[in-house]
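First up is the structure itself, then whatever we jot down about it.
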């Protein structure tokens, strides 16, 4: 008896003049629903960490007074810690309790390490397998071009971070042990090693003056400076240097970071010393050797951490303006620091030099830089200027501070440096909200933008006719 069946969607009937009909069922393929872009997920991750930190800091026992700091203050501090910005609404040492300080330190560590890198480490610790989706997100967070070896790369970052922070804490403990009780000295050493390496700029020194009491302490200043510089250099550059060990064989990215960082550090040291040499409120009273030492420290901190051994509010206006330039450039891509990054600055410099010399293509260290990278660098720098411009306009409208102070605060917030002329605690509610958003955009904005541009790059199917535009 001939078999009969009901025809269903997806069934295909193939007939042959001799053979009986044969039913072949073709499975229906359901395409997965598109989710949010991966860079947006990174922004969601940072926002989620900030939300958790805000809730913890809202607890009454997070402050020494036993009273809740209020939503805006808690949100501002959590954002500053996660974005490793270092701007504060009150002195961290006296306002926040040990619990509140521990929350801030945890947020600094998570924010400095990065949302996806930190999440990957947690998954490895609990024994969960890292899926392809996890690897794709991790690739966006680390700025890698592929997904091979990412987990091992992340493990290397974690080991490097813990090793440097541990060594830094031990070195600082040697000096702090002679100034504070044992328990306090250990906490001070651990806190400042983590804050320094992650370029956060938070300080809990009892003097409530940051590192100003250590103006003439070579040991502390040099140890903290090394932590700041290593944190602003990034794991990829350090790993490349450790593996190759010869400058001529280093990757182009590493060469740009090293040359630009050293140049800016040296230039900043001598210009700051020159501009503040006779200022009685900053470097004026110090001997020549300590003027050089403190100028070096401020030059290093202005692109990274925001620590200072001299009062920022007492600097001359031209020094403040120069420091804003250092903050805007920042440290290396993939590091703990902010700004547009020295990599971007190096690419833009190469493009400007090529244009001045009449070259068609930008070059650096015997290598050509692609036009797509120059376009990305220009886009990032232009959007950074736009964010800072908007922030300055709002603060000028809402606050009664001097223009240079609001300008400085906005650049510091976007560049997540933490330097302040002293107006942060006096900001209005709208001013705090503006700075909070600026810090978040400064931390997540360039990251999200860079990876979004990378994802959307595609070859054009056609090109329009070329026409010249007058420049200048």
query: Could we say that residue 108 is at pLDDT 65 or above, surrounded by 23 or more Cβ atoms within 10 Å (Cβ to Cβ) and either over 18 Å from the mean Cα position of the chain (by Cα) or part of a helix (DSSP H, G or I) (or both) here?
result: yes
Selection count where residues are surrounded by 19 or more Cβ atoms within 10 Å (Cβ to Cβ) and either farther than 19 Å from residue 312 by Cα or in contact (Cβ under 8 Å) with a residue 24 or more places away in the chain (or both), scope the stretch 266-289: 8
message: With the structure loaded, tell me whether residue 321 is touching a residue at least 24 places away in the same chain (Cβ under 8 Å) and in contact with a helix residue (DSSP H, G or I) (Cβ under 7 Å, 6 or more places away or on another chain) or whether it fails that test.
response: no
message: Looking at (1) in contact with a helix residue (DSSP H, G or I) (Cβ under 8 Å, 6 or more places away or on another chain); (2) part of a helix (DSSP H, G or I), which one does residue 309 not meet, given that it meets all the others?
response: (2)
Residue check for residue 379: surrounded by fewer than 19 Cβ atoms within 10 Å (Cβ to Cβ), at pLDDT below 90 and more than 18 Å from residue 261 (Cα to Cα): yes
- line: Within the stretch 394-421, the count of residues that are more than 16 Å from residue 439 (Cα to Cα) and either in a helix (DSSP H, G or I) or in contact with a helix residue (DSSP H, G or I) (Cβ under 8 Å, 6 or more places away or on another chain) (or both) comes to 9
message: For the list (1) touching a helix residue (DSSP H, G or I) at 6+ places or on another chain (Cβ under 8 Å); (2) exposed (fewer than 14 other Cβ atoms within 10 Å of the Cβ); (3) assigned to a helix (DSSP H, G or I), I need the number of the one condition that residue 206 fails.
response: (3)
task: Look at residue 335 and say whether it is within 16 Å of the chain's Cα centre (by Cα) and not in a helix (DSSP H, G or I).
output: yes
- request: Could you check residue 195 against (1) within 24 Å of residue 345 (Cβ to Cβ); (2) touching a helix residue (DSSP H, G or I) at 6+ places or on another chain (Cβ under 7 Å); (3) assigned to a helix (DSSP H, G or I) and say which number it fails?
  value: (1)
field: The lone exception for residue 382 - which of (1) touching a residue at least 12 places away in the same chain (Cβ under 8 Å); (2) in a helix (DSSP H, G or I) it fails
entry: (1)
task: Please find, within the stretch 406-431, the residue that is farthest from residue 77 (Cα to Cα) out of those that are in contact (Cβ under 8 Å) with a residue 40 or more places away in the chain and surrounded by fewer than 18 Cβ atoms within 10 Å (Cβ to Cβ).
output: 422
query: What's the number of the condition residue 374 fails, among (1) part of a loop (DSSP other than H, G, I, E, B); (2) touching a strand residue (DSSP E or B) at 6+ places or on another chain (Cβ under 8 Å)?
result: (1)
message: Among the listed residues 164, 256, identify the single one that is within 30 Å of residue 76 (Cβ to Cβ) and touching a residue at least 40 places away in the same chain (Cβ under 8 Å).
response: 164
query: From the list 384, 362, which one is touching a strand residue (DSSP E or B) at 6+ places or on another chain (Cβ under 7 Å), more than 20 Å from residue 262 (Cβ to Cβ) and buried (at least 18 other Cβ atoms within 10 Å of the Cβ)?
result: 362
- prompt: Can we say residue 240 is at pLDDT below 90, more than 22 Å from residue 83 (Cβ to Cβ), crowded, with 18+ Cβ neighbours inside 10 Å and touching a helix residue (DSSP H, G or I) at 6+ places or on another chain (Cβ under 9 Å)?
  reply: yes
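Each row is one residue, and each column tells you yes or no for (1) within 28 Å of residue 339 (Cα to Cα); (2) within 19 Å of the chain's Cα centre (by Cα); (3) at pLDDT 90 or above.
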site	(1), (2), (3)
132	no, no, no
143	yes, yes, no
164	yes, yes, yes
169	yes, no, yes
174	no, no, yes
195	yes, yes, yes
202	yes, yes, yes
205	yes, no, no
210	yes, no, no
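The values are calculated or read from the model by the stated rules, or taken from the named source; none is laboratory data. No experiment lies behind these values; they were computed from the predicted model shown. So basically every Cβ, Gly included, is an ideal-geometry build from the backbone, and we count neighbours across all protein chains shown.
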